[in-house]
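The values are calculated or read from the model by the stated rules, or taken from the named source; none is laboratory data. Quick caveat: nothing in here was measured; it's all calculated off a predicted structure. Cβ coordinates were reconstructed from backbone atoms using ideal geometry, including for glycine residues, and neighbour counts include every protein chain displayed.
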């Protein structure tokens, strides 16, 4: 049975990645399983300088999901290259860095250094809802995004370039198209949906940041719809994510057109969630008599002729 | 790409296990004692460590809830004392014997033991007793315990506490048991000597007051903290607290912190 897929020139041993921000830099999870069992690790977002993040409370459970407003607390570029990248390199899995800049020049600088440091792929975080500068601001306007991606593209020679898209936009298809035209090798979606929780008794928002990003099974139907739409719009591979917790969830995203998937919030529910998704895909393939996982990609059948 | 490092998988799943519920009874209105019988043999817990426990066998609620290690028996059964206050604990409260729950643990750091000549003084506020109970059990008659609660019925497991022959000083906000006042009022009354070592666990205002008291009196000690948690293993960065050294994760650098590092 073949589980490997390709994102641009990056070959993944299986289509299961873990989503940025749900897996740290892999250290904690390596105590639970060999990270070589998953296709790749999308590591916690990296900024030029270390970031402290938002005040607590930062997380809160909501029906079938959770809100987070971490605010991209991270070790900064230098420490990432010195300590975190060598750690993940011990494992036979793709090392994917997630990049957050305050300005286009910062995105370029961080991406260039990570490319030179030898990461397998760079995921541009233009969709974090929880930081004031950078993040979502670059995803709001397709033209701005296209220019940003173009500049990063020129600076990155070896690493595969992925752009992570926000669902908090009017039309995700036009943003995806802008990323493709800017030279991205792939797009990943969806990031979290902006949400909020209120404590009626204290009359205050639960999260110190007031709003946060909603993730988990609650957002899966939205993620599937957006992956389906984007896959019809662009030719580059799509990495689907949003509420994936089982092999069957992953298969659904691949049928919608995703070439690979990422497990996010499920990592918090159970540290072994991602390898369990790999096992689940294999089980589905066995049951369906499939030899190659790529047979699933875009295999969605729609009987209604209007679609 | 280098080859997979097989040795890293040696401890795989060591801290992730399933456990059968063997007890879940109310010890005081709104407070329950959960007993679990782990499958396999997870590592033995140390005082101050915690477990992430699923609230039920199904997918909802999504996240496990953190509970302090309260007690264990020789044959590996674990117990955790909890307060029913949200969706997760309400669901857990309804779980009958025999239910199998997913558990992670033991997690986090633990209370360092006193050095020679240091005399422990344990300060518990309400459900905070859950975290310091293993210390009370360990220190026995050596321990002085200041136990504060809103009211008599929130002073849970007080008979069990006195059963360990410690010197127990109770106080309540409403005066229904012991001194009417806070644990810090009680500390002022007891005026612990300079070689005392504080072990505190309670609600945030109590911890802040104890931190302030310890700084004033130049006493050393530790406090165990609580914060909303998603993963419990250090990955999500959700459970941080601001310390003098910056944000620290309650689940990983904690839950036990030096009083002098807290704000």
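For the structure I just gave you, tell me whether residue B:57 is under 22 Å from residue A:61 (Cα atoms), modelled with pLDDT under 95 and in contact with a helix residue (DSSP H, G or I) (Cβ under 7 Å, 6 or more places away or on another chain).
On the way: under 22 Å from residue A:61 (Cα atoms): yes; modelled with pLDDT under 95: yes; in contact with a helix residue (DSSP H, G or I) (Cβ under 7 Å, 6 or more places away or on another chain): no.
Considered against the rule, which asks whether it is under 22 Å from residue A:61 (Cα atoms), modelled with pLDDT under 95 and in contact with a helix residue (DSSP H, G or I) (Cβ under 7 Å, 6 or more places away or on another chain), residue B:57 comes out as no.
Within the range A:272-293, is even one residue outside any helix (DSSP H, G or I), more than 12 Å from chain B (Cβ to nearest Cβ) and crowded, with 17+ Cβ neighbours inside 10 Å? Don't jump to the end; show me each part of the working.
Within the range A:272-293, the subset outside any helix (DSSP H, G or I) is A:272, A:289-292.
Right, trim to more than 12 Å from chain B (Cβ to nearest Cβ) and you get A:289-292.
When the remaining residues are screened for being crowded, with 17+ Cβ neighbours inside 10 Å, the result is A:290.
Scanning the range A:272-293, I find at least one residue that is outside any helix (DSSP H, G or I), more than 12 Å from chain B (Cβ to nearest Cβ) and crowded, with 17+ Cβ neighbours inside 10 Å, so the answer is yes.
Can you name the residue in the range A:108-129 that is at pLDDT below 95 and out of contact with any strand residue (DSSP E or B) (no Cβ under 6 Å at 6 or more places or on another chain) and is also surrounded by the most Cβ atoms within 10 Å (Cβ to Cβ) among such residues? Spell out how you get there, then give the answer.
The initial filter retains those residues of the range A:108-129 that are at pLDDT below 95, namely A:125-129.
Then drop every residue that is not out of contact with any strand residue (DSSP E or B) (no Cβ under 6 Å at 6 or more places or on another chain), which leaves A:126, A:128.
Numbers: A:126: 27, A:128: 25.
Here the residue is A:126.
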* Which ones in the range A:186-205 are within 13 Å of chain B (Cβ to nearest Cβ), under 26 Å from residue A:98 (Cβ atoms) and surrounded by fewer than 24 Cβ atoms within 10 Å (Cβ to Cβ)? -> A:197
* If you scan the range B:115-131, which residues turn out to be in contact with a strand residue (DSSP E or B) (Cβ under 6 Å, 6 or more places away or on another chain) and over 30 Å from residue A:31 (Cβ atoms)? -> B:118, B:119, B:120, B:121, B:122, B:123, B:124, B:125, B:126
* Would the range A:248-260 turn up any residue that is under 17 Å from the mean Cα position of the chain (by Cα) and in a strand (DSSP E or B)? -> yes
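Against the definition (over 11 Å from residue A:16 (Cβ atoms), surrounded by fewer than 22 Cβ atoms within 10 Å (Cβ to Cβ) and in contact with a helix residue (DSSP H, G or I) (Cβ under 7 Å, 6 or more places away or on another chain)), how does residue A:296 come out, yes or no? Give the steps one after another, and end with the answer.
Details: over 11 Å from residue A:16 (Cβ atoms): yes; surrounded by fewer than 22 Cβ atoms within 10 Å (Cβ to Cβ): no; in contact with a helix residue (DSSP H, G or I) (Cβ under 7 Å, 6 or more places away or on another chain): yes.
Spelling it out, it is not the case that residue A:296 is over 11 Å from residue A:16 (Cβ atoms), surrounded by fewer than 22 Cβ atoms within 10 Å (Cβ to Cβ) and in contact with a helix residue (DSSP H, G or I) (Cβ under 7 Å, 6 or more places away or on another chain).
What strands (runs of 3 or more DSSP E) lie completely within the range B:21-107 and have 2 or more residues being buried (at least 16 other Cβ atoms within 10 Å of the Cβ) and more than 14 Å from every other protein chain (Cβ to nearest Cβ)? Walk me through it before giving the result.
Values: elements: B:31-38, B:50-53, B:65-68, B:78-83, B:100-107.
In the range B:21-107, B:31-38, B:65-68, B:78-83 are the strands (runs of 3 or more DSSP E) which contain 2 or more residues that are buried (at least 16 other Cβ atoms within 10 Å of the Cβ) and more than 14 Å from every other protein chain (Cβ to nearest Cβ).
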* Select from the range B:146-176 the residues that are in contact (Cβ under 8 Å) with a residue 12 or more places away in the chain and in a helix (DSSP H, G or I) and write down the one among them that is nearest to residue B:122 (Cα to Cα). => B:161
* Enumeration of residues in the range A:216-242 that are in contact with a strand residue (DSSP E or B) (Cβ under 7 Å, 6 or more places away or on another chain), under 18 Å from residue A:167 (Cβ atoms) and assigned to a loop (DSSP other than H, G, I, E, B) -> A:216, A:234
* Structure fact -> Over the range B:223-255, the set of residues surrounded by fewer than 23 Cβ atoms within 10 Å (Cβ to Cβ) and more than 13 Å from chain A (Cβ to nearest Cβ) is B:244
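Does any residue of the range B:248-261 turn out to be on the phi > 0 side of the Ramachandran plot and under 15 Å from the mean Cα position of the chain (by Cα)? Lay out the reasoning, then the answer.
The first filter runs over the range B:248-261 and keeps only residues on the phi > 0 side of the Ramachandran plot, leaving none.
No, the conditions are met nowhere in the range B:248-261.
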* Asked: Which residues, taken from the range A:265-293, are in contact (Cβ under 8 Å) with a residue 24 or more places away in the chain and out of contact with any helix residue (DSSP H, G or I) (no Cβ under 9 Å at 6 or more places or on another chain)?
  -> A:268, A:269, A:286
* Does any residue of the range A:73-86 turn out to be more than 11 Å from chain B (Cβ to nearest Cβ), crowded, with 21+ Cβ neighbours inside 10 Å and under 30 Å from residue A:297 (Cα atoms)? -> no
